[in-house]
Each structure stands twice: as C-alpha cells, then as structure tokens.
Amino acid sequence: MRKKIALIGGGQIGQILAMLAAQKELGDIVILDVPGYANVCKGKALDLMEMAPHGNYDANIIGTSDYKDIEGADVVIVTAGKPREAGMTREDLLNVNIKIIAEVANGVKQYAPKAFCIIVTNPLDAMVYVFHKVTGFPKHQVIGMAGTLDTARWRAFIAMELGVSVADVAGTVLGGHGPDMVPLPRLTTVGGVPLTEIATPEQIEKLVNRTREAGTEIVKLFGKGSAFFSPAWSAIVIAESYLKDKRRVLPCAALCEGEYGVNGLFIGVPCLISAKGMEKIFEIKLTEEEKAQFQKTVASVTKTVSECKI
Ligand code: TXD
C-alpha cells in the first residue's frame, strides 16, 4: 500500500510540497485547507493528477477541508497560517497563527495520531512548540522545519560568493528561525576545505548576515507573502528521510531536553531523521563565542514561546 502524505495548508508552500511529493512518488497526497479554499485545493490536486502522465508518477491526489480525509496519514506537513508581508517580523504572526495551529493539531491528533509531523508555519519555533503541546505526541514524532532551509540558504550564498558548486558546500545553521540564528563558519567546508581558510572574515560576516536576513530579503522583493520553493524542498527532504529511512542528519527544530543546555524548548539543532522520526539530536562542542550566540537565539525563542497562550 502507498504511503499517505497530508499537507495542511494548500497555499504557496503547500502546492509546491504537493508537486514535489508527487514527483518523488512519496505516496498519495491530501491537500487540506479551510472550507473557503477547498475548491482551489481540489483544483490544484486535479491539475497535479493531470500532470502525472508527463511527470511520470503514480499518486492519488485530492483536495479537501475535511480532516477525515487525512485519516491514517504517515506524514503531515503543516503550512496552514498567514505568511509575512513586507515590514513584518515572524513574531507579528504569532496571535493569528497560534489559533490556526491549535485547530490543526486537534485535527491531526484525531485522524493521524501516528503521523510524523513537520511544522513549517511561522513563527516556527513557537508554532512547533504549540503543535506538540496540543497533540501531546512523543517528541520524536514532531519537528519544525527551518534549519534545513536556513542551511540551504547558507550553502547557496557561499556557493554564489565563491563561485563553487553548491554540492560541495557543507555546513549547518543552529538556533531559532529568526535574525539571531547561528550559522557556523568554523564547521563549514567547501570540498573539504575549511570556509575560514578560503573566505575572508569580511566575506564570512557578509554571508552570515545575508543568511540571517534571507527570508526578509525575499519578503521585501515579493511585498506580500514569503519564500515558497526553498521552504517546500527543505520540508520534503525531511519527509523523504523519514519515509525512506535515509537517516539524513538535518538541522531541525527539535524538543531539547538538556541538549545544548536547553530544556523544554524546540530549537534548531542537528537531528538524525530516520524511520523512527527525530531519532537523535547531535551535540556539537561550541566555542565560547558560538555558545553566546546560541544563548541569544534561545532567549529570543523563549520570549516568543512565553507569549503563547494555549
Ligand atoms: O522556514 C520556514 N519554516 C518558513 C515558514 C519559510 C517560509 C514561510 N514560512 C511560513 O509558512 C509562513 O510564514 C507561513 O506562516 C507558512 C505558510 O506560508 P505560505 O507562503 O504557504 O502561505 P499561504 O500561501 O498564505 O498558505 C497558507 C495556507 C492558505 O491557503 C490558508 O487558507 C491556509 O494556509 N490556512 C489553513 N489551512 C487549514 N486550516 C486552517 N485553519 C487554515 N488557516 C489558513
């Protein structure tokens, strides 16, 4: 039997998720949105079914607003909620998105209690916290997608700056999905060569800042709405690692219970994603400077989470 992927939210990211999941034949796909947008999602689903003959995939794809249709889903990816507009911070979305995530969490808990859940909605680190609280799912079953995207942006900017293939840039970004996230130049390599040896301190500083503001750079260009291609790919990479037990090590917002000195908070850390879900958090020995940066992002996430009334 095919696996089942439930996409909660069929907007900009949701529709790309559906296309990628179909192209990768991850399973059958359900796109769920609010009743007023259900017909659009039915249309998107039908359009994707009609793309299949040339896209070379077999999948049943439907649009709906009924949680019954996600019954038994293996993976749930949540993008439901509002995106940013120019001039907004991610935290500005808190009050509106918290209600949406609580509602989604109840629907998922009722109909897909075994699903591996990937939360994408902003403010990310707080929304994954709320989803986890409301569902009460075990911590290996719930993660937030942000670090995978932030790391992709970090790698892309390095490749662009140095004129090298992005395939050869390896590195990671820790912390919350906000302007004080922590890219780690010390642990970034280009074809095995340390970044710190081939880029100047000025170049590195520029790359760190651009990565931290990458989401905002795109929001400014759009004026309304935020990035959707790269966030969708990043979430699909996580889903694929789970469904195919690829055991990728990807930075995700995971519930830390002592790791990195953090307790009871979801924050971006390197995670082993296997058929067990978020199987393990890898700890990195950080330098004093990196630790200070990490504590700053933890403080920001703690503040946002403390404002979540659930
Ligand atoms: O790295 C990351 N985590 C992110 C997060 C990177 C980029 C964007 N990120 C956030 O994802 C963004 O700030 C938003 O909070 C979400 C979704 O972004 P998207 O661009 O897909 O937003 P859209 O196009 O507005 O789509 C959201 C859909 C839309 O169709 C709404 O009708 C639907 O969510 N929606 C709901 N669906 C189901 N149930 C409820 N209650 C609901 N409310 C809205």
Worksheet entry | Helix axis angle, 288-306 relative to the chain longest principal axis, alpha carbon, degrees | 30
Practice prompt. Give, as a single signed number, the net charge of other residues whose beta carbon lies under 13 Å from the beta carbon of residue 103, with Lys and Arg counted +1 and Asp and Glu -1.
Written response: +1
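Per DSSP H run of n ≥ 4, the term is -39500 (n - 2.57); total these for the chain, divide by its residue number, and report the mean residue ellipticity at 222 nm rounded to 500 deg cm²/dmol.
-14000 deg cm²/dmol
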Worksheet item: So how tilted is helix 12-23 from the main axis of the chain? Cα-based, degrees 0 to 90, rounded to 10.
Response: 80
Discussion item. Just to confirm my numbers, what's the Cα centroid distance between the stretch 108-162 and the stretch 19-76 in Å?
Written reply: 20
Worksheet item: What order do you get for 309, 276 when you list them from fewest to most C-beta neighbours inside 10 Å?
Response: 309, 276
Practice prompt. Report, in whole Å, the centroid distance computed from the Cα atoms of the stretch 266-294 and the stretch 225-247.
Written response: 18
Worksheet item: From the Cα gyration tensor of the stretch 183-289, with a ≥ b ≥ c the square roots of its eigenvalues, which class applies: rounded if a/c is under 1.5, or else prolate if a/b is larger than b/c, or else oblate?
Response: oblate
Item to complete: Using only the Cα atoms of the chain, build the gyration tensor, take square roots of its eigenvalues as a ≥ b ≥ c, and label the shape rounded, prolate or oblate: rounded if a/c is under 1.5, else prolate if a/b is larger than b/c, else oblate.
Response: prolate
Discussion item. Output the 0 to 90 degree angle, nearest 10, between the alpha-carbon long axis of helix 147-162 and the longest principal axis computed from the alpha carbons of the chain.
Written reply: 50
Worksheet entry | Listed peptides 164-176, 117-129, 67-79 by packing density, highest first (mean Cβ within 10 Å) | 117-129, 67-79, 164-176
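No value in this document is a laboratory result; all are computed from the given coordinates. Computed from a predicted model, the values in this text were never measured in an experiment. Cβ coordinates were reconstructed from backbone atoms using ideal geometry, including for glycine residues, and neighbour counts include every protein chain displayed.
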